[in-house]
Amino acid sequence: MTYYNESVDELSMHRYNDVRILNASGRFRVGGGERIVESRKAVKSLRYWFRRGSAIIALLVLFAVAAGCKDANGENKPIPKAEQGVIDLREWSWDEKGIVPLDGQWNFVWLTPSDDGNEISNLEISTLEVPGTWGKLRTGHGTQLDDQGYGIYRLTILHQPQRDMMAIRLPNISTAYELSIDGKVVLSRGHVDVSDNKTVPYQMPATVYFTAQNTQTELKLTVANYDHRFGGIRTAIVIGNTDHIQNLQIRNAAQELIILGCLIMIGFYHLGLYILRRKEAANMMFAMLCLFVGIRMGVIGEGFIVQWLKFLNWEMAIRLEYIAFVMSGWAGFAYFQSMYPREIKRIWFKVSNGIAALLILCVLTVKPLLFTSWILAFQLYILLFSVRILVGLVVSAHRKREGARLALIGVAGLILTIVNDMLFYNGWWRSIDLVPFGLLFLIVMNSFIISLRFSLTYEKAERMSAELIEWNNSLEERIAERTDELQRSYSTLADAKSELERMEHSRAQLVSNISHDLRTPITLLQGYLEALRDNVISDPAQRDNTIGLMLTKVEGLNSLIQDLFDLSVLEARKVELSLEDIPLTGWKERLTEQYSLEIQGKGIVFDCMLTSDSDPCATVAIDIRRMDRVFANLIYNAIRYTPEGGSIMITINTQPKDRTVEVLVADSGAGIEPDDLPYLFDRFYKKDKSRHSSSGGSGLGLSIAKEIVELHNGQISVYNSPEGGSVFRIILPASNEKRKSS
């Protein structure tokens with residue numbers, strides 16, 4: 001009997017990938033508007049087919065996966081299974097039906113070493129289901145196995161004598177094994193021993209070729225595992241003729257090499273993009289994602305990196321696999337966080353950094369048996385941040401970010417394959433490795449995104465070129481419009497300059513007035529004091545009269561200073577009003593009582609009235625003490641400029657439509673000069689050019705009145721009556737319904 005041995009592996013990859021989206025820019029020459037319209041129609045059509053094409057691609061990928069599984073495993077054919085260590089393949093047609101998995105009950109011997117590890121203290125002969133990891137199986141006698149141990153599988157294959165050579169394809173078996181066919185050792189991986197100290201782990205799949213000229217073949221597979229979380233045969237061992245086994249091996253190897261080559265090329269391409277433009281950190285993250293996924297593929301699966309670098313032993317390879325596993329998840333999350341920073345906050349990236357660093361530290365410091373037993377922590381890290389990426393892409397798609405929907409479809413498909421592989425590698429799910437298909441699907445989706453981005457960029461460039469042509473054609477009109485705008489701006493600046501000059505003149509006039517108003521009484525006070533000091537005024541009556549005049553001047557100074565202080569406080573809005581709901585009838589009576597006798601005593605007719613159409617129950621919310629100051633200023637000004645025999649009239653009127661109260665203070669004096677009307681309420685404006693030049697005063701009263709009215713959310717204005725004299729108009733808000741009811 002002749003045997004041939006050849007290294008192979010099953011395709012086994014975990015990849016988390018995306019394609020960096022690029023923007024295109026360039027110069028385009030536009031012939032006219034029709035071309036722009038055609039471009040927009042083309043882009044709309046492209047978007048339409050992209051949205052529907054993504055669903056079609058997803059169905060095609062699922063169909064391809066299903067077809068591949070069907071062909072590889074023959075699930076549509078009745079497949080014999082082993083029973084009590086025997087599988088009957090005498091009716092199996094190797095040429096027509098192809099390969100067959102050696103699943104079912106194998107005879108199994110479980111060996112337990114003694115305490116010193118050199119002798120066998122317990123031996124159990126039973127049966128065991130294949131495939132399956134030891135920790136999740138029980139022997140035919142019901143014994144629960146441990147994942148770390150030593151076992152011997154035996155299977156008798158009944159078949160027709162074969163002229164051509166047959167082949168058995170063995171997967172990765174944890175973590176050292178030795179295969180014998182008809183009592184002869186034909187293959188070993190690592191060194192198998194009942195002692196954990198003498199066992200040398202080494203995982204590498206293989207294909208064994210043998211002649212089957214007899215009617216049965218005896219298989220003996222010895223497996224030892226003391227270094228990995230799972231022991232035993234995790235996936236199916238298949239048998240077939242050399243053509244079918246070689247085709248399966250070549251197909252899996254080619255598939256892995258194609259994907260591995262694509263990842264390496266895409267990774268170095270984006271690495272070059274990052275070197276050319278360092279600001280695009282997403283290019284670096286995507287390059288790291290592709291390269292780390294490629295490293296993991298090269299360590300597991302066909303083990304191309306392990307076969308290439310002969311110095312890599314099993315322990316170094318398993319540590320490199322887990323580091324690449326963590327780094328690929330970290331780089332993938334970093335890539336999407338940099339692409340969608342508003343949807344995936346940077347705090348999540350910092351959390352990812354911390355967890356990834358902790359997991360890598362564990363891989364570097366503890367034994368493989370420990371960190372492989374913590375695989376669930378590694379998988380939860382990948383799953384958690386994959387879900388966070390998915391949520392971020394859902395939000396991006398809702399906000400209609402460009403390309404977010406296609407990226408969402410690709411990532412969702414990849415996450416489903418990740419979950420499938422997690423269940424598969426933990427022994428919770430009978431399936432195949434689907435991550436390669438999910439990764440290819442994601443690359444296809446992002447290829448659509450790149451095409452869409454280039455098309456949109458081309459459309460934008462054409463649109464901008466058309467706009468530039470239009471701008472050139474209408475340049476003279478735009479220049480004329482801008483000239484008009486500049487002239488209007490110049491006019492506004494000229495008005496502002498005039499206003500500033502007027503304010504500066506007012507300020508200079510204010511300083512002059514204040515200086516005069518302060519200097520005159522101080523000079524008189526100084527003269528009176530010097531006369532009293534020099535006994536120029538010796539008569540007691542004259543002395544008392546002089547002291548009275550001095551007190552009058554001091555009171556005037558105090559009044560001026562108080563007005564300045566009150567005005568500064570009012571302008572700063574640091575006054576708290578004590579608002580009261582005052583009925584209009586009560587307010588009218590108060591004003592009449594305060595000013596009637598004094599005004600009539602000066603020979604001036606006075607009347608305070610509430611108009612007939614006003615609501616007699618209406619109220620107004622005012623600070624009565626401060627409002628008294630407003631009316632005192634207005635009325636005493638009116639008395640000063642109203643001659644004997646004239647009249648002063650206060651009229652109160654409600655305006656239900658606007659929910660306001662109007663108060664008019666009218667006199668029959670000489671009126672106000674029209675040039676003075678706009679500035680009458682300016683701060684410190686002195687009306688020396690209106691009415692009478694000898695009127696005196698500091699010019700603060702009306703400014704204070706204006707500030708008090710505006711504190712009540714009201715307005716005050718002045719105009720000359722057609723009948724003669726001036727009219728001051730005050731508008732105050734009426735009390736609301738709650739105040740009225742209270």
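We did not get these values from a lab; they are worked out from the coordinates using the rules stated. Worth saying up front: this structure is predicted, and the values here are computed from it rather than measured. We place every Cβ from the backbone using ideal geometry, glycine too, and count neighbours over all the protein chains shown.
Listed values, structure above:
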read-out	value
Net dipole in debye of segment 86-248 [+1 Lys, Arg Cβ; -1 Asp, Glu Cβ; about Cα centre; nearest 20]	280 debye
Options T642, I730, G714, ranked by Cα towards positive dipole end of segment 580-741, top entry (Cβ charges)	G714
Fully extended contour minus Cα-Cα distance, from E470 to I275, at 0.36 nm per residue	66.3 nm
Estimated FRET transfer efficiency (W348, F268; beta-carbon r; R0 25 Å; 0.05)	0.35
Unsatisfied cross-links (Cα-Cα over 22 Å) in the set K136/K184; K220/K367; K345/K460; K279/K350; K497/K706; K279/K400	K136/K184; K220/K367; K345/K460; K497/K706; K279/K400
K497-Q542 FRET efficiency (beta carbon distance; Förster radius 60 Å; 0.05 resolution)	0.60
Length-normalised contact order for segment 580-741 - Cα pairs under 8 Å, 6+ apart - percent	24 percent
Distance in nm between pseudo-label sites at I522 and D196 (7 Å out along the Cβ direction from Cα)	10.2 nm
Theoretical gain in end-to-end length, Y490 to K136 [0.36 nm per residue, Cα-Cα removed]	118.7 nm
Residues R659 and Y636, FRET efficiency given R0 of 30 Å [Cβ-Cβ distance, rounded to 0.05]	0.45
Extended-chain gain in nm, criterion 0.36 nm per residue less alpha-carbon gap, E481 and N214	86.0 nm
